[in-house]
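The values are calculated or read from the model by the stated rules, or taken from the named source; none is laboratory data. Values in this document were obtained by computation on a predicted structure and should not be read as measured data. Cβ placement follows ideal geometry from the backbone for every residue including glycine, while neighbour counts extend to all protein chains displayed. To get the accessible areas, we keep the full protein, side chains included, count just its heavy atoms, and leave off ligands, DNA and RNA. Shrake-Rupley method; radii C 1.70, N 1.55, O 1.52, S 1.80 Å.
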Amino acid sequence: MSDSGPDEGGLPADDTLEAIQETLIEWYEADHREYPWRQTDDPYPILVSEVMSQQTQLDRVVEAWADFLEEWPTAEALAAAPRGEVVAFWSDHTLGYNNRAKYLHEAATQIVEDYDGTFPETPAALQELMGVGPYTANAVASFAFNNGDAVVDTNVKRVLYRAFDIPDDDAAFETAAADLMPAGRSRVWNNAIMELGGVACGKTPNCDTAGCPWREWCHAYESGDFTAPDVPTQPSFEGSRRQMRGRVIRALGEYDELTLDKLGPRVRVDYGGETGEEWLRGLLADLSDDGLVKIEDTNEQTVARLR
Ligand code: SF4
């Protein structure tokens, strides 16, 4: 185990950090929710999606976003539209808080009149646009220009808190999120970590079913404590087996391989009897089915190792 492993709180050492970064990006790229604004790097549709999703669930935004872009496909087209029509569109699609429609229209006007039709590319410059706060500016800088900082929203805080035991403190989250992001990869990284928080590490976590790539290092997965700043009490799900799985993964990460009689007592202090070898074999078979662990029978001994 690394000197600064998750047991002590904080991010692991650099070599482990690289593996943590790569496995998350691979996990994201292998499969993720396909929102249409993730298929473009044009800042205008990305800004529209960000403004719409501030108050509306993503699945509902999809239709409104497509209709909006059909009506006003560019910042120029939006700037040329009467403001009343944009506000009416917002109301008709129940996107909430009509001022956002006015701000979006105003931002399009700024782009045309003050920026010659070209979006600024940094989070700081994007914040000059009407209604664009730090979060939206950073999202547009990341997703359009691959030029953003690490996103820190509720989902990301939950992930950092659980996985690396980062204390519930905004400055600590900001630092950890920034240190965790691979340099120059804000587009894929911010998408990936938000996907992790949305799909795997939700309020009730789906560590195994979502194939979370961080189980090997995750503090919560090992300890079985899945509370988080926005999850004050233990979410109601069968956590203890997950905890045992976490311990198997952690023990096998520490040693190259272990025989069952060496592994068992590292997983539970009461190893033996009903929770003895047969129980451990069941746990290992699950982990093997999930592609995490390899089991080998050699010289009348069964040996387990990480896959
Ligand atoms: S292992 Fe579970 S708790 Fe840990 S980061 Fe993954 S989904 Fe979240």
Taking the stretch 119-172 as the search range and keeping residues that are of a type in the set (S, T, N, Q) and within 15 Å of the ligand (Cβ to nearest atom), which one is surrounded by the most Cβ atoms within 10 Å (Cβ to Cβ)? 155
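Quick grid of which residues meet (1) at pLDDT 90 or above; (2) among the hydrophobic types (A, V, I, L, M, F, W, C):
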position	(1), (2)
253	no, no
265	no, no
268	no, no
272	no, no
278	no, no
287	yes, yes
305	yes, no
Checking residue 214 against (1) over 13 Å from the mean Cα position of the chain (by Cα); (2) closer than 27 Å to residue 271 by Cα; (3) near the ligand (Cβ under 10 Å from one of its atoms), which single condition isn't satisfied? (1)
Just to be sure I understand, how many residues within the stretch 31-61 are among the small types (Gly, Ala, Ser) and open to solvent by 90 Å² or more (accessible area, probe 1.4 Å)? 0
Taking only the stretch 217-246 into account, find how many residues are of a type in the set (Lys, Arg) and within 11 Å of the ligand (Cβ to nearest atom). 2
Any residue in the stretch 73-82 that is more than 20 Å from residue 37 (Cα to Cα), assigned to a helix (DSSP H, G or I), of a type outside the set (Val, Ile, Thr) and out of contact with any Gly (no Cβ under 6 Å at 6 or more places or on another chain)? yes
Of everything in the stretch 248-307, what is of a type in the set (D, E, K, R), in a loop (DSSP other than H, G, I, E, B) and free of Cβ contacts under 8 Å to residues at least 24 places away in the same chain? Give them in sequence order. 270, 274, 300, 307
Is it the case that residue 73 is of a type outside the set (D, E, K, R), over 26 Å from the mean Cα position of the chain (by Cα) and open to solvent by 60 Å² or more (accessible area, probe 1.4 Å)? yes
Count of residues meeting criterion [in a helix (DSSP H, G or I) and surrounded by fewer than 19 Cβ atoms within 10 Å (Cβ to Cβ)] in the stretch 197-239: 2
Any idea how many residues of the stretch 177-187 are open to solvent by 10 Å² or more (accessible area, probe 1.4 Å) and in contact with a helix residue (DSSP H, G or I) (Cβ under 6 Å, 6 or more places away or on another chain)? 3
Name the residue that is nearest to the ligand (Cβ to nearest atom), counting only residues in the stretch 180-201 that are charged (D, E, K, R) and within 16 Å of residue 145 (Cα to Cα). 185
Can you list residue pairs whose Cβ atoms sit under 8 Å apart, with the first residue in the stretch 206-221 being on the phi > 0 side of the Ramachandran plot and the second being open to solvent by less than 30 Å² (accessible area, probe 1.4 Å) and hydrophobic (A, V, I, L, M, F, W, C)? Count only pairs 6 or more apart in sequence or on different chains. 211/200
Please pick out the residue among 175, 204 that is within 14 Å of the ligand (Cβ to nearest atom) and farther than 24 Å from residue 253 by Cβ. 204
